[in-house]
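Asks: Dumping the structure here so I can ask a few things about it.
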Amino acid sequence: MSIATVFEIALAVVVLGLAIWTIAVPDTYSATVGFIAYGLLVALIWVRLDAVDVALTEAAIGGGLGGVVLLGAAARLRGTEAMTMERPSLIVRLSAAALSASIAAALAVAILLPPNPAPTLAPDVVSNAGATGMANPVTNVLMAFRAMDTMLEKVVLLLAIVGVWSLASDQAWGGRPGPRHQADPNGVLAFLARLLPPAGIVVGIYILWTGADHPGGAFQGGAVLASMWLLVIMAGLVDTPPVRSRWLRLVLVAGPGLFLVVGLGGLCFGSAFLAYPAAFAKPLILSIEAAMLLTIATTLGLLLAGAPERSAER
Amino acid sequence: MTEFLTTAVGLILAMLGLGLVSILRGPADADRMMAAQLIGTAGIAVLLLLGTVTGVPAAVDVALILALLATFASIAFVKKGLSRLETDGAGPGEDR
């Protein structure tokens, strides 16, 4: 057994242990911190499995933005948790346990007993990689071979933001999300919020650009940009925009909108919906991705900022 | 050289395990979050070393994203933690 295998086994054991602890620990806050560490470690495992695209997403969403959403929820729930004495009845707990166990068993069967040979489209993806002029097979699948799925995903993001906004009270309708953050203008937080975003913006655009030929893409880049935006908001340097503002809504629909326009163009001038003309495939895909970068960054930022809480005037 | 780098990965993974022990022990939220930050830093180091040892240059990109977002998560923790201290009446925070 090589030394690398020993490391991998140790890492897997540690991740499993941390996952069980995260589920078992009673305190929500501790569970959230455990989940953030878990996301970081799972990203390591994805790199070892040569799935760097997944590792990038896991690092950005699982360890970063998702963790912050959960931290916010835990902070908000903490006051109410102490007051709830009510415990679910035995039947409810038993049926929840039975449901979870049956899902785990079904997953285990699917993983342990795969059909032989496993159905795969990977050879087709590799042999058709030249059609788009991009070398990253994941980007090829997401933006060309299964572009319809990706477009619908972006529409789902829009629906999510509509869902969050609909939680606003009547007075705050169309107003600014979240509290107005204030920080010492000479403090360390304001300093960091001036120092980090320039580097973060470059990294976000780089992740989008490198996604054509290497692991990366609009979603991961957008997550980095969103975190930089939220950092500046949390430092009190800028306020969240009122959700009624027109430019904000234009940015939110820019990505799916351009995707739809290109798709309809394929229907009019090409052979099918979302059929890119071969000569323009790469420029078209890159411009869709650039628009989606902005849309995803804004959407993720607004999802984390939450429902509108203040009217726009204040 | 590869053996040396692999040994370094092993050492950092051991440190990462110690950080996990600290997450499990706590006792305060801040201790846990500091341990999560330590794990993030150790994860960045492991990724950079692994990328060199196994010849996966894209691991550097994952390390970049981890570096940016781990910082962001710790700041979010401080902001949420401060607002909680204030609601507990533990004294005025420096910022809100």
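Read the figures in this text as sums done on the coordinates, not as results from a lab. The structure displayed is predicted, hence computed values, not measured ones. Cβ: placed from backbone, ideal geometry, glycine included. Neighbour counts: every protein chain shown.
Asks: Could you state the number of Å between the C-alpha centres of the range A:210-244 and the range B:60-75?
Replies: Each part reduced to its Cα centre gives a spacing of 13 Å.
Asks: Another question, then. For chain A, just say rounded, prolate or oblate: build the C-alpha gyration tensor, square-root its eigenvalues into a ≥ b ≥ c, call rounded for a/c under 1.5, and beyond that prolate if a/b exceeds b/c, oblate if not. Walk me through the numbers on the way to the answer.
Replies: Values: a/c = 1.58, a/b = 1.07, b/c = 1.48.
Here chain A falls in the oblate category.
Asks: In a GNM of chain A with a 10 Å cut-off on Cα contacts, which of A:L248, A:L16, A:L302 has the highest mean-square fluctuation?
Replies: Result for chain A, Cα springs under 10 Å: A:L16 fluctuates most.
Asks: So what is the relative contact order of chain A, in percent, for Cα pairs below 8 Å that sit 6 or more residues apart? Before the final figure, lay out each step's value.
Replies: Numbers: 358 pairs, mean separation 64.6, N = 314.
This gives 21 percent for chain A.
Asks: What order do you get for A:R246, A:R146 when you list them from fewest to most C-beta neighbours inside 10 Å? Could the numbers behind the result be given before it?
Replies: Numbers: A:R246 7, A:R146 14.
Least crowded to most crowded, the residues run A:R246, A:R146.
Asks: Ranking request for peptides A:133-139, A:195-201, B:45-51, A:295-301: highest mean number of other beta-carbon atoms within 10 Å first, then the rest in descending order. If you can, show how the numbers build up before the last one.
Replies: Working: A:133-139: 18.6, A:195-201: 16.3, B:45-51: 21.6, A:295-301: 24.4.
Averaged packing, sorted descending, gives the order A:295-301, B:45-51, A:133-139, A:195-201.
Asks: Going by how many other Cβ atoms sit within 10 Å of their own, how do A:V109, A:V203 line up, fewest first? List each step's numbers first, then the result.
Replies: On the way: A:V109 10, A:V203 20.
Least to most surrounded, the residues fall as A:V109, A:V203.
Asks: On to the next question. So how do A:Y276, A:Y38, A:Y206 line up by other beta-carbon neighbours within 10 Å, fewest first? Each step should come with its number before you reach the end.
Replies: Details: A:Y276 22, A:Y38 26, A:Y206 15.
The most exposed by this proxy come first: A:Y206, A:Y276, A:Y38.
Asks: While we're looking at this one, here's another question. Report the label-to-label distance for B:T7 and A:F269 in nanometres (one decimal), using points 7 Å from each Cα along the Cα→Cβ vector.
Replies: 6.2 nm
Asks: Give, in nm to one decimal, the length gained when the segment between A:V253 and A:T80 is fully stretched (0.36 nm per residue of separation minus the Cα-Cα distance). Spell out each step's value before the answer.
Replies: Values: separation 173, 0.36 × 173 = 62.28 nm, distance 3.67 nm.
Full extension from A:V253 to A:T80 adds 58.6 nm.
Asks: Which whole number gives the average count of other chain Cβ atoms within 10 Å of the Cβ atoms across peptide A:38-46?
Replies: Across the residues of A:38-46, the mean count of other-chain Cβ atoms within 10 Å is 6.
Asks: Taking beta carbons within 10 Å but only from partner chains, what does the mean come to for residues A:62-69? Please list the in-between numbers first.
Replies: Values: counts 1, 10, 10, 4, 1, 7, 9, 1.
Per residue, the average neighbour count from other chains is 5.
Asks: Suppose we keep just the alpha-carbon trace of the range A:23-140; what are its Rg and Dmax in angstrom?
Replies: Computed over the Cα atoms of the range A:23-140, radius of gyration and Dmax are 20.4, 62 Å.
Asks: Within a 10 angstrom radius of each residue's Cβ in A:10-16, how many Cβ atoms of other chains show up on average? Whole number is fine.
Replies: The mean count of partner-chain Cβ atoms within 10 Å per residue comes to 2.
Asks: Another question, if that's okay. Run the quick spin-label model on A:D170 and B:A14: label points 7 Å from Cα toward the beta carbon, then report their separation in nm to one decimal.
Replies: Roughly 6.6 nm, to one decimal.
Asks: Looking only at GluC sites (Glu not before Pro) in DSSP loops with at most 14 other Cβ atoms within 10 Å, what is the longest site-free stretch of chain A? Intermediate results must be reported in sequence, preceding the final value.
Replies: Working: sites that count: A:E86, A:E313.
Counting at most 14 other Cβ atoms within 10 Å as exposed, the longest clean stretch of chain A is A:87-312.
Asks: State which helices in chain A qualify, where a helix is a whole DSSP H run, it must extend 20 Å or more along its own axis by its Cα atoms, and its mean Kyte-Doolittle hydropathy must be at least 1.6. Walk me through the numbers on the way to the answer.
Replies: Numbers: long enough: A:3-24 (32 Å, 2.35); A:28-48 (30 Å, 1.44); A:66-83 (26 Å, 0.78); A:90-112 (32 Å, 2.18); A:147-165 (28 Å, 1.63); A:188-210 (32 Å, 1.82); A:218-234 (23 Å, 1.78); A:246-269 (31 Å, 1.66); A:281-305 (35 Å, 1.70).
Span-like helices here: A:3-24, A:90-112, A:147-165, A:188-210, A:218-234, A:246-269, A:281-305.
Asks: Moving to a separate point now. Separation of the range A:65-134 and the range A:3-36 by C-alpha centroid, Å?
Replies: 16 Å
Asks: OK, next. Counting pairs of alpha carbon atoms under 8 Å apart in space and at least six apart in sequence, what relative contact order in percent does the range A:1-156 give? Before the final figure, lay out each step's value.
Replies: Working: 76 pairs, mean separation 20.6, N = 156.
Worked out over the range A:1-156, it gives 13 percent.
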